[in-house]
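Novice: Sending over a structure as structure tokens; questions will come in a sec.
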Amino acid sequence: MDLNILAGAIMIAFAALGAAIGNSNLFAKYIEGIARQPESQSKLFGQTMILFGLIEALPIIGVALGILLLFGVI
Amino acid sequence: MELTPKVTFLGLTFDLAVIFGSLLSAAIVLIVTILATRGRKMRPGKLQNLVEMVIDFSRGIARMSYDDRTAEKYLGFTFSLFLFILIANQLGVIMMVSAEAHHAIPSLGITEELLKQSHEISWLKSPTADLNVTISMAVAVALFANYMGLRKSVKGYFKHFLSPLGVLHVIEEFSKPATHAMRLWANIFAGEVLIVIMLTKGPIYLTGLPMLAWMGFSVFVGAIQAYIFTVLANVYIAQKMSSDH
């Protein structure tokens, strides 16, 4: 079997794992914040989305490099 | 992976799909802003309202990192950066122009062995789905930030690197533009590639619904990444300009 494909698959799997842990922490705290202060929802939503974008960055870099490995570009 | 036409000029390889994509998004930004500002009225029409909303939004971004007077100076930079990246990100989701090729075209870099892999040649894609475009934008921001730091005070700029942990700061100077560029590129690239995979590998009645969901998510991610790129560019410049550095 071509090891590049295995490497790409492992990269994508661990990127998904990391993103899942990070996002679950973030959104759990977001829901907690809304439950405590429902009036701050609109304010919290914007902040959460920025942090979501920042958290999502590193896993998606892993996914992009994994895709490049899967297709044999690098 | 779809092919793109490439042209070699002065020893450098240019990707025509990326060039057409960035030209088209620049033209869209130019035309929209010119149309919105030509007949300005006290009671704004629909288009003027929209562009005013975007300008207010970018003013909010600029005020997050600078004080109010400097923020006005950087409003044009923030506004054009945000609008260009926003439109460039959506280009690959909404319209991907591709053509079929059955013969090799050596002048466009399409050879026989590449044609064996795929017949699709894409003529238009998101310019931000190419690492070269985002790297050049991030490096331009980093160079400008360092120039502003040097212009503020040369002594203060170098004192920063000669502190006991100066090596870390030197590494940071290189890792900042690298992650800045990769963050935008990887998001848009992964989005585009997944759309292409779902379009080509598998019957449309199985992949149609997930593809629509993913396209909606791509539009959302494109908007968020445009916002984050602009905020980070302003933060990096403001970091170098602030006096406590």
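Novice: Helix-only estimate, please: 222 nm mean residue ellipticity of chain B, summing -39500 (n - 2.57) across DSSP H runs of length 4 or more and dividing by its residues, to the nearest 500.
Specialist: The helix contribution divided over chain B gives -25000 deg cm²/dmol.
Novice: Of A:61, A:12, A:34, which has the largest mean-square fluctuation in a 10 Å C-alpha GNM of chain A?
Specialist: Fluctuation is largest for A:34.
Novice: Quick one: the Cα spread of chain B along its three principal axes, in angstroms, biggest first?
Specialist: 61, 54, 38
Novice: Assuming a ≥ b ≥ c are the square roots of the Cα gyration tensor eigenvalues, decide whether the protein assembly as shown counts as rounded (a/c under 1.5), prolate (otherwise, with a/b larger than b/c) or oblate.
Specialist: rounded
Novice: If I build a Gaussian network model for chain B, linking alpha-carbon pairs within less than 10 angstrom, which residue out of B:206, B:81, B:50 has the largest mean-square fluctuation?
Specialist: The residue that fluctuates most here is B:206.
Novice: Kindly express, to the nearest 10 degrees and within the range 0 to 90, the angle between helix B:131-152's C-alpha long axis and the longest C-alpha principal axis of chain B.
Specialist: Taking the Cα atoms of chain B, the angle to B:131-152 is about 10 degrees.
Novice: Report ³J(HN,Hα) in whole Hz for each residue of the stretch B:32-45, in order, from the Karplus equation J = 6.51 cos²θ - 1.76 cosθ + 1.60 where θ = phi - 60°; Gly and Pro get x.
Specialist: Each residue's phi maps through the Karplus curve to give 4, 5, 5, 4, 6, 9, 6, x, 6, 10, 5, 9, x, x Hz.
Novice: Out of residues 5 or more away from residue B:124 or on other chains, whose amide H comes under 5 Å of its own, with H placed 1.01 Å from N in the peptide plane?
Specialist: Here B:97 satisfy the definition.
Novice: Now, a different point. Restricting attention to the stretch B:1-62, which trypsin sites (Lys or Arg not before Pro) occupy a DSSP loop and are surrounded by at most 10 other Cβ atoms within 10 Å?
Specialist: Answer by residue number: B:40, B:41.
Novice: Here's another thing I want to ask about it. On the principal axes of its Cα set, how long, how wide and how thick is the stretch A:3-70? Give whole Å, largest value first.
Specialist: Extents along the principal axes, in whole Å: 52, 15, 10.
Novice: Also: Per 5 Å bin, what is the whole-percent P(r) computed from every C-alpha pair distance within the stretch B:159-245?
Specialist: Per 5 Å bin, starting at zero, the Cα-Cα P(r) for the stretch B:159-245 comes out as 3, 12, 16, 15, 13, 10, 9, 7, 6, 4, 3, 2, 0 percent.
Readers should treat all values here as calculations from the given coordinates under stated rules, not as data from a laboratory. For clarity, every value in this text was computed on a predicted model and none was experimentally measured. Glycine gets a Cβ as well: all are built from the backbone with ideal geometry, and neighbour counts include every protein chain shown.
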